[in-house]
Amino acid sequence: MQMNDPIRRLQVVHTTRYSYDRPITRSSHRLHLRPITDRRQRVLDFDLKITPDAPLIEYDDVFGNVSARFELRQPYQELAFTSRSLVELVDEDPFAFASVPIRPSFPLVWMPWERLMLNPYLQPVELPDTQLQEISQYAMGFVERNDHDLMETLFAINLAMNREFTYVPRCTTVRTTPYDVLISRKGVCQDFTNLFACMARLLGIPARYCCGYLYTGEKEQDSVANNSSHAWAELYIPHFGWKGFDPTNGTLPHLDHVRLAYGRHYFDATPTSGAHYSPEAFETMSVNVEVRDVTKLAVPVNARRDETPESVAGDKLEAVAVTA
């Protein structure tokens, strides 16, 4: 990143709360709440608060995400995580890679060592052959209509899922399959991402699940949904590397998307996960995500907690994230 590159700074406050109808005696947890830092995205400030307090171990997981683990060994009935992130995004044209002279087309050919490294992202979810065949035929329809051009095919699928599938909150679960989504033509961003990734893998294109946040700003009414975290897919394009596709909104991720974690699927990249070891307890969970554009506020790179935009600007948070 050059010093004069256009940027956007987004501040994210993410709170997850769990409550139980009886004490939990012991539990272990894994978090993906610190956003990714690379040449396109940089974390300027991060703070994580856990209640009740517990020693935290932070490490890089096998996918390169910053993960955190902790255990609670004292009884509790309330558990909360609050992360505050200040993230800087570089303004790169998300369509630039599609305009270069090299135009990949089907069928894609991978060198043996490439296939070895990409294999986890080439395996579709395990479903009956008949269901995978139907998903494959749906995907091949786009290939044929776009003369086997790779980029035109992917853009067409991305737009079609936004236009032909209906966003319906709470109509699916984490166990909903890509085939279920294809048949019902409804779901949430997690479902559309899973179907998009499954289609890409059946076409021989490596795909990974990306979990993060979406800034909606003044465009909030034009967004598909709001009030939680977001998910989209990244596909490995020959000669260009990993490129993002957001089938929920029919766009390519740009300055509105903050990346938290990657994985083969949702369970690899989910922001919070855990297991408790005690008699069965009824669990209630609530999630609140607020995303705000603070680009115009002067914030030092090494800002202290009391110098972040949250403390220097008292106006109401004006943006939220799209529901996963």
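The values are calculated or read from the model by the stated rules, or taken from the named source; none is laboratory data. Given the structure is predicted, the values throughout are model-derived calculations rather than measurements. In this analysis, Cβ positions are derived from the backbone assuming ideal geometry, glycine residues included, and neighbour counts consider all displayed protein chains. Just the protein is used for accessible areas: all its heavy atoms, side chains included, with ligands, DNA and RNA removed. Shrake-Rupley method; radii C 1.70, N 1.55, O 1.52, S 1.80 Å.
So how do 262-269, 84-91 stack up, highest first, on mean other-Cβ count within 10 Å?
Values: 262-269: 18.2, 84-91: 20.4.
So the peptides 262-269, 84-91, ranked by packing, come out 84-91, 262-269.
Amide H neighbours of Gly263 under 5 Å, at least 5 residues apart or on other chains, H built in the peptide plane: list them.
Tyr209
Can you tell me, using C-alpha contacts under 8 Å and at least 6 residues apart, the relative contact order of region 31-182 as a whole percent? Let's see the in-between values first.
Numbers: 122 pairs, mean separation 31.6, N = 152.
Here the relative contact order equals 21 percent.
Would you tally the net charge around Thr270, using a Cβ to Cβ cut-off of less than 15 Å, leaving Thr270 out, and scoring K and R as +1, D and E as -1?
Working: positive: Arg30, Arg34, Arg69, Arg175, Arg208, Arg259, Arg264; negative: Asp61, Asp191, Asp268.
Summing Lys/Arg as +1 and Asp/Glu as -1 gives +4.
Quick one: check the C-alpha center-to-center distance for region 82-152 versus region 6-37, whole angstrom.
Measuring centre to centre over Cα atoms gives 29 Å.
Could you give log10 I(q)/I(0) at q = 0.14, 0.24, 0.27 Å⁻¹ for region 94-159, computed by the Debye formula over C-alpha point scatterers of equal weight, without solvent?
-0.56, -1.20, -1.19
Starting with the highest mean, order 150-156, 165-171 by the number of other Cβ atoms within 10 Å, averaged over the residues of each peptide. Don't jump to the answer; show the numbers that get you there.
Details: 150-156: 20.3, 165-171: 13.9.
Peptide ranking by packing, descending: 150-156, 165-171.
Testing the spin-label approximation: label points 7 Å from Cα along Cα→Cβ at Leu48 and Arg73. State their distance in nm.
With each label placed 7 Å out from Cα toward Cβ, I get 2.0 nm.
Ranked from highest to lowest mean number of other Cβ atoms within 10 Å per residue, what is the order of the peptides 42-49, 194-201?
Details: 42-49: 15.8, 194-201: 26.1.
Packing proxy ranking, top to bottom: 194-201, 42-49.
When N counts the residues of region 43-101, how does its alpha-carbon radius of gyration compare numerically with 2.2 N^0.38 Å, as a ratio?
Numbers: Rg = 18.2 Å, N = 59, 2.2 N^0.38 = 10.4 Å.
This ratio for region 43-101 stands at 1.76.
Under 8 Å for C-alpha pairs, at least 6 residues apart: give me the relative contact order for region 139-290, rounded to a whole percent. Mind showing how you got there, number by number?
On the way: 235 pairs, mean separation 34.3, N = 152.
The value is 23 percent.
Counting pairs of Cα atoms in region 1-122, how many percent are more than 22 Å apart? It would help to have the intermediate numbers written out before the result.
Values: 4329 of 7381 pairs.
Here the tail beyond 22 Å accounts for 59 percent of pairs.
Could you sort Lys186, Lys243, Lys296 by accessible area so the largest value comes first, with the probe set to 1.4 Å? Could you put the intermediate results ahead of the total?
Values: Lys186 85, Lys243 45, Lys296 200 Å².
Ranked list, largest accessible area first: Lys296, Lys186, Lys243.
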